[in-house]
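To start, the structure under review is shown below, and the notes come after it.
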Amino acid sequence: MQKEYIHIILADDDEDDRLFFTDAFSELKISTKVQTFNDGVELMEYLNQEDAVLPQVLFLDLNMPRKNGLEALHEIKANPKFDSMAIAIYSTSSSEEHIEETFVCGANIYIKKPSDFNTLKKVLSDVVTLNWQYHTSGLNKDNFLLRM
Amino acid sequence: MKAFLKFDFTVLTKKILEEKLSQWGLKYLITGFGEVEFLEDIPEDKLAEITAILNSYGIEIIENQKTALVQKIKDTIIEMVFSDSPPTVKASAYLADKLNHSYGYLSNLFSEVTYTSVENFMIIQKIEYAKQLIVNDKMSLTEIAYKLNYSSVAHLSTQFKNTTGITPSQFQRIIAKRREIANTK
């Protein structure tokens, strides 16, 4: 019998980052199912399928070839079908301008990629736990902004 | 010959539920994530029958007292935070009294089920309320700090920043810009 789990998607072109990310989740006590895509095009192809299972949280790297994170974010926000997903930007940039711009465009979470594994685990755990509260405790998602 | 199969349990479960529940003529809503809401009350004998049949598919109805109590804790906290005349006793005493369990028991149970603490949940709720007051009621931080029982504006700002990673004024600016964009569409 399958247990409850949280469905998560990451789009990132860096293989190491994808690996760290999935490893971090596999070590958390929260049960999750993590799917990864290599760039924005692959991601949107998946999401736009009619029967695509949408994740609770989508993590987007900003710098990706073919279609970058910001372009994907704009597409997602233009389509009401994706309203239930929380969007987390997962980037190496910590420029204030960038951060505010992505929030204004509709991102809920901004994570500066941590350089060590333990911090990454802590950050991802915090994000998923808080997101879970938005999911289950009737909080207003429009006001969901979190920077880590 | 041999065929290899791959399953998507979410789809599978949903299909089975849809098929069975419609077959029994029930009005229901699959709210996702292992949750079905029945729009009408179901008599007990019928519920037992349904439970038995779903069990044969490996689907179980959780009658989990713990989960139910955690929901009560949440509801009580939300009611406390959003109330116009919040209780004068300490939150821990209020919860214990209202739910008839020791605070130690409640707080352990809460952490076990939600992966977050009662204290933390309370802070999240207070900050949510603050956000709402900033956005919808255009209240000043001083007014909000007073209303939510913070000892000072600085205390509120710090807790806001610690919880969300951004300052109240950044929050206000981002939401204002989003609304501007939405209005020009």
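Scan A:Asp126, A:Asp23 and give me the residue that is more than 14 Å from chain B (Cβ to nearest Cβ) and either among the hydrophobic types (A, V, I, L, M, F, W, C) or within 16 Å of the chain's Cα centre (by Cα) (or both).
The match here is A:Asp23.
Within 24 Å of the chain's Cα centre (by Cα), surrounded by fewer than 11 Cβ atoms within 10 Å (Cβ to Cβ) and within 12 Å of chain A (Cβ to nearest Cβ): is that true of B:Glu40 in this structure?
Here the answer is no, as B:Glu40 does not meet what is asked.
Looking at region A:115-148 only, could you name the residues that are in a strand (DSSP E or B) and within 27 Å of B:Val36 (Cα to Cα)?
If the condition is that a residue be in a strand (DSSP E or B) and within 27 Å of B:Val36 (Cα to Cα), then no residue fits.
Table: residues versus (1) of a type outside the set (A, V, I, L, M, F, W, C); (2) loosely packed, with under 15 Cβ neighbours inside 10 Å; (3) within 14 Å of chain A (Cβ to nearest Cβ).
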{"position": "B:Asp8", "(1), (2), (3)": "yes, yes, yes"}
{"position": "B:Val11", "(1), (2), (3)": "no, yes, yes"}
{"position": "B:Leu17", "(1), (2), (3)": "no, no, yes"}
{"position": "B:Tyr28", "(1), (2), (3)": "yes, no, no"}
{"position": "B:Thr51", "(1), (2), (3)": "yes, yes, no"}
{"position": "B:Ala91", "(1), (2), (3)": "no, no, no"}
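Give region A:1-20 a look and list any residue that's away from chain B (no Cβ under 14 Å), more than 17 Å from A:Val123 (Cβ to Cβ) and in contact with a helix residue (DSSP H, G or I) (Cβ under 6 Å, 6 or more places away or on another chain), or say none.
A:Ala11, the sole residue that qualifies.
Could you pull out every one of the helices (runs of 4 or more DSSP H) wholly within region B:101-185 that has 2 or more residues that are within 13 Å of chain A (Cβ to nearest Cβ) and under 22 Å from B:Ser85 (Cβ atoms)?
Because the criterion is at least 2 residues that are within 13 Å of chain A (Cβ to nearest Cβ) and under 22 Å from B:Ser85 (Cβ atoms), the helices (runs of 4 or more DSSP H) in region B:101-185 that meet it are B:118-136.
Considering only residues that are over 19 Å from A:Lys113 (Cβ atoms), touching a Leu at 6+ places or on another chain (Cβ under 9 Å), among the charged types (D, E, K, R) and not in a helix (DSSP H, G or I), which ones fall in region A:52-82?
A:Lys67
Of all residues in region A:83-99, which are among the hydroxyl-bearing types (Ser, Thr, Tyr) and either within 28 Å of A:Ile30 (Cα to Cα) or part of a strand (DSSP E or B) (or both)?
Across region A:83-99, the qualifying residues are A:Ser84, A:Tyr90, A:Ser91, A:Thr92, A:Ser93, A:Ser94.
Each reported figure results from applying straightforward, stated rules to the coordinates on display, with no laboratory input. Computed from a predicted model, the values in this text were never measured in an experiment. As a convention, Cβ positions derive from the backbone with ideal geometry for all residues, glycine included, and neighbour counts pool all protein chains shown.
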